[in-house]
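All remarks here apply to the structure that follows.
The values are calculated or read from the model by the stated rules, or taken from the named source; none is laboratory data. Since this is a predicted model, take the numbers as computed values, not measurements. Cβ placement follows ideal geometry from the backbone for every residue including glycine, while neighbour counts extend to all protein chains displayed.
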Amino acid sequence: MNIHEYQAKALFEKYGVPVPRGAAARSQAEFAPALAQLPEGATMVKSQIHAGGRGKGTFTNGFKGGVKFCADKATALAMAGQMLGQTLVTAQTGPAGRRVQSVYFTVASAIKKEYYLAILLDRASSRPVIVASTEGGVEIEKVARETPEKITKVRVDPAFGLADFQVRDLIAALGLTGAEAKNAARLIRNLYTCFWETDAAMVEVNPLITTPAGEVLALDAKVSFDDNALFRHPEITALRDLNEEDPKEIEASRYSLSYIALDGNIACLVNGAGLAMSTMDIIKHFGGTPANFLDVGGGASKDQVVAAFKIILGDPNVKGILVNIFGGIMDCNVIAQGIVEAVREVGLKLPLVVRLEGNNVEAGKATLAASRLTLVSGDTMADAAQKIVRLVA
């Protein structure tokens, strides 16, 4: 789950991570009260969407830049009016863009130097890794590609926690000394505590800045959380902005389905994340393009299968459906009953290929045969993938 910058900075403040003073607004009526919380002077106006590259983005009304420097609060007020309610297109949103439904006003900070700092899970070592670079304010992927020597990585033993020598290594790599080094050390420790205690999947500060007064501030903030741990954090779950999510993915979460929309035209309904990934791969292998990742889980009910079909059909790009089930815990007949009910309820007209194997598979195939539905049976995963690719070609 992702949250907005203003929400991330409020979380940072809770953990003692210094950020520029700021206030958010979700309507034009809230602009003046939000700005009243800030001192007079230079002010930043930031569009709040769940995507990067906002500063280089363009609104569909032709207005350029989702992050603007304003010399005073009066200019910031007018600038916010140009952003709120408009659709911002960035490199990460795709051509459809995202509608700006909140803006964030912050005090414009005097910047001495910009750095990059992030904490995320290194799956190779199963440990949190802190990534730091002296090249802040730019794409870290570009730095990694062109000047990898400017990136420092510190892996943290979760049983021991962040050690003092690791903090010193990071400070040295960033080239900080004196008051800046002390302030940065405190920020890094507090940021790691924030990452660990909130079950975050990633905490990114780009840029992290130093000021002429020796301050070290998180000028920007991007935080995402492990969905599987949200049950432990109702206060974080409350920060979820459904306006930023695909309606199909929201509906899937109501039925405990793992669904991610993609750009293809062959929908997949599969049980198990590994099998779902393999199914998408084999569709690509035979020349097709998957329209989604959809894992109904190991013990899906008939109602979940029906819901999955309705979610799939909510995507206008879908031209065919591949059901690929390997029954372990899953009962193939339950899947078959769900398919029959869903197809009859929605009046499915699209090509449907079904491959069932495993637990109670004969009963499942009998249920499908007795239904007299127009569907194609796949003997193997490869056979099923080839058939659906041909049907939608």
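When you go through ALA110, ALA96 one by one, which is the residue that is among the small types (Gly, Ala, Ser), without any contact (Cβ under 8 Å) to a residue 60 or more places away in the chain and either more than 25 Å from ARG155 (Cα to Cα) or outside any strand (DSSP E or B) (or both)?
Details: ALA110 fails: without any contact (Cβ under 8 Å) to a residue 60 or more places away in the chain.
The unique qualifying residue is ALA96.
Counting only residues that are assigned to a loop (DSSP other than H, G, I, E, B) and touching a residue at least 60 places away in the same chain (Cβ under 8 Å), which one in the stretch 214-244 is surrounded by the most Cβ atoms within 10 Å (Cβ to Cβ)?
Taking the stretch 214-244 as the starting set, the residues that turn out to be assigned to a loop (DSSP other than H, G, I, E, B) are 214-215, 219-221, 226, 233, 238-241.
Next cut, touching a residue at least 60 places away in the same chain (Cβ under 8 Å) only: 215, 219-221, 239-241.
Values: GLU215: 18, LEU219: 22, ASP220: 25, ALA221: 23, LEU239: 17, ARG240: 17, ASP241: 16.
The residue in question is ASP220.
Does at least one position in the stretch 142-150 carry a residue that is more than 22 Å from TYR6 (Cβ to Cβ) and surrounded by 16 or more Cβ atoms within 10 Å (Cβ to Cβ)?
Filtering the stretch 142-150 for residues more than 22 Å from TYR6 (Cβ to Cβ) gives 142-150.
Retained after the next criterion (residues that are surrounded by 16 or more Cβ atoms within 10 Å (Cβ to Cβ)): 143.
Yes - at least one qualifying residue is present in the stretch 142-150.
Among the listed residues VAL129, VAL100, VAL156, VAL167, identify the single one that is more than 26 Å from THR210 (Cα to Cα), touching a strand residue (DSSP E or B) at 6+ places or on another chain (Cβ under 9 Å) and modelled with pLDDT of 95 or more.
Details: VAL129 fails: more than 26 Å from THR210 (Cα to Cα); VAL156 fails: more than 26 Å from THR210 (Cα to Cα); VAL167 fails: more than 26 Å from THR210 (Cα to Cα).
Going through VAL129, VAL100, VAL156, VAL167 in turn, just one is more than 26 Å from THR210 (Cα to Cα), touching a strand residue (DSSP E or B) at 6+ places or on another chain (Cβ under 9 Å) and modelled with pLDDT of 95 or more: VAL100.
Can you tell me which of VAL143, VAL203 is touching a Cys at 6+ places or on another chain (Cβ under 9 Å) and either outside any helix (DSSP H, G or I) or at pLDDT below 95 (or both)? Lay out the reasoning, then the answer.
Working: VAL143 fails: touching a Cys at 6+ places or on another chain (Cβ under 9 Å).
None of the others qualify; the one that does is VAL203.
Quick check on CYS332: is it under 19 Å from ALA252 (Cβ atoms), crowded, with 23+ Cβ neighbours inside 10 Å, in contact with a strand residue (DSSP E or B) (Cβ under 6 Å, 6 or more places away or on another chain) and not aliphatic (A, V, I, L, M)?
Working: under 19 Å from ALA252 (Cβ atoms): no; crowded, with 23+ Cβ neighbours inside 10 Å: yes; in contact with a strand residue (DSSP E or B) (Cβ under 6 Å, 6 or more places away or on another chain): yes; not aliphatic (A, V, I, L, M): yes.
No, not satisfied.
Can we say GLY358 is of a type in the set (Gly, Ala, Ser) and either at pLDDT below 90 or farther than 19 Å from MET381 by Cβ (or both)?
Values: of a type in the set (Gly, Ala, Ser): yes; either at pLDDT below 90 or farther than 19 Å from MET381 by Cβ (or both): yes.
It is true that GLY358 is of a type in the set (Gly, Ala, Ser) and either at pLDDT below 90 or farther than 19 Å from MET381 by Cβ (or both).
Could you tell me which residue of the stretch 245-266 is surrounded by the fewest Cβ atoms within 10 Å (Cβ to Cβ), considering only residues that are under 18 Å from the mean Cα position of the chain (by Cα) and modelled with pLDDT of 85 or more?
Only one residue tops the list, namely ASP263.
Kindly list the number of the only condition in (1) within 18 Å of MET202 (Cβ to Cβ); (2) polar (S, T, N, Q); (3) surrounded by fewer than 19 Cβ atoms within 10 Å (Cβ to Cβ) that fails for SER133.
Among (1) within 18 Å of MET202 (Cβ to Cβ); (2) polar (S, T, N, Q); (3) surrounded by fewer than 19 Cβ atoms within 10 Å (Cβ to Cβ), SER133 violates only (3).
Anything in the stretch 76-121 that is of a type in the set (Val, Ile, Thr) and either farther than 19 Å from HIS4 by Cα or more than 18 Å from the chain's Cα centre (by Cα) (or both)? List them, or say none. Working first, answer last.
From the stretch 76-121, those of a type in the set (Val, Ile, Thr) are 87, 89-90, 93, 100, 103, 106-107, 111, 119; that's our starting set.
Those that are of a type in the set (Val, Ile, Thr) and either farther than 19 Å from HIS4 by Cα or more than 18 Å from the chain's Cα centre (by Cα) (or both): THR87, VAL103, THR106, VAL107, ILE111.
How do the pairs read when you match residues in the stretch 342-357 that are under 15 Å from VAL305 (Cα atoms) and not assigned by TED's automatic domain parsing to the domain that holds VAL318 with residues anywhere that are buried (at least 18 other Cβ atoms within 10 Å of the Cβ) and not aromatic (Phe, Trp, Tyr), using Cβ under 7 Å and keeping only pairs 6 or more apart or on different chains?
Pairs found: none.
The rows are residues; the columns are (1) surrounded by fewer than 16 Cβ atoms within 10 Å (Cβ to Cβ); (2) in contact with a Cys (Cβ under 8 Å, 6 or more places away or on another chain); (3) at pLDDT 95 or above.
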residue: ARG21; (1), (2), (3): yes, no, yes
residue: SER27; (1), (2), (3): yes, no, yes
residue: PRO33; (1), (2), (3): yes, no, yes
residue: LEU38; (1), (2), (3): no, no, yes
residue: LYS56; (1), (2), (3): yes, no, no
residue: THR60; (1), (2), (3): yes, no, no
residue: THR75; (1), (2), (3): yes, no, yes
residue: GLN92; (1), (2), (3): yes, no, no
residue: PHE105; (1), (2), (3): no, no, yes
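Consider ALA291 carefully, then state whether it is assigned by TED's automatic domain parsing to the domain that holds ALA366, buried (at least 24 other Cβ atoms within 10 Å of the Cβ) and either over 16 Å from SER253 (Cβ atoms) or hydrophobic (A, V, I, L, M, F, W, C) (or both).
On the way: assigned by TED's automatic domain parsing to the domain that holds ALA366: yes; buried (at least 24 other Cβ atoms within 10 Å of the Cβ): yes; either over 16 Å from SER253 (Cβ atoms) or hydrophobic (A, V, I, L, M, F, W, C) (or both): yes.
Judged against the criteria, ALA291 is a match.
Results for (1) touching a residue at least 40 places away in the same chain (Cβ under 8 Å); (2) closer than 25 Å to GLY94 by Cβ; (3) touching a Lys or Arg at 6+ places or on another chain (Cβ under 9 Å), shown as yes or no for each residue.
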site	(1), (2), (3)
SER253	no, yes, no
ILE260	no, yes, no
ASP263	yes, yes, no
GLY272	yes, no, no
PHE286	yes, no, yes
LYS302	no, no, no
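Can you run down the residue pairs with Cβ atoms below 7 Å, 6 or more apart or on separate chains, where the first is in the stretch 60-88 and of a type in the set (Gly, Ala, Ser) and the partner is surrounded by 17 or more Cβ atoms within 10 Å (Cβ to Cβ) and assigned to a helix (DSSP H, G or I)?
Close Cβ pairs satisfying both conditions: GLY66/MET83; ALA76/LEU35; ALA80/PHE31.
Which one of MET79, MET44 is in a strand (DSSP E or B) and either of a type in the set (A, V, I, L, M) or modelled with pLDDT under 95 (or both)?
On the way: MET79 fails: in a strand (DSSP E or B).
Being in a strand (DSSP E or B) and either of a type in the set (A, V, I, L, M) or modelled with pLDDT under 95 (or both) holds for just one of MET79, MET44, which is MET44.
So is LEU269 under 24 Å from the mean Cα position of the chain (by Cα), closer than 20 Å to PRO351 by Cβ and surrounded by 15 or more Cβ atoms within 10 Å (Cβ to Cβ) or not?
Numbers: under 24 Å from the mean Cα position of the chain (by Cα): yes; closer than 20 Å to PRO351 by Cβ: yes; surrounded by 15 or more Cβ atoms within 10 Å (Cβ to Cβ): yes.
Answer is yes for this residue.
Output the number of residues of the stretch 367-384 satisfying the condition of being loosely packed, with under 13 Cβ neighbours inside 10 Å and of a type in the set (A, V, I, L, M).
Our first condition is that a residue be loosely packed, with under 13 Cβ neighbours inside 10 Å; within the stretch 367-384, this holds for 369-370, 372, 374, 379-380.
Right, trim to of a type in the set (A, V, I, L, M) and you get 369-370.
Qualifying residue count, the stretch 367-384: 2.
Among residues belonging to the stretch 2-19 that are in contact with a helix residue (DSSP H, G or I) (Cβ under 6 Å, 6 or more places away or on another chain) and not aromatic (Phe, Trp, Tyr), point out the one that is surrounded by the fewest Cβ atoms within 10 Å (Cβ to Cβ).
So in the stretch 2-19, the residues in contact with a helix residue (DSSP H, G or I) (Cβ under 6 Å, 6 or more places away or on another chain) come out as 15-17, 19.
Pick out the ones that are also not aromatic (Phe, Trp, Tyr) and you get 16-17, 19.
Working: GLY16: 13, VAL17: 25, VAL19: 23.
The selected residue is GLY16.
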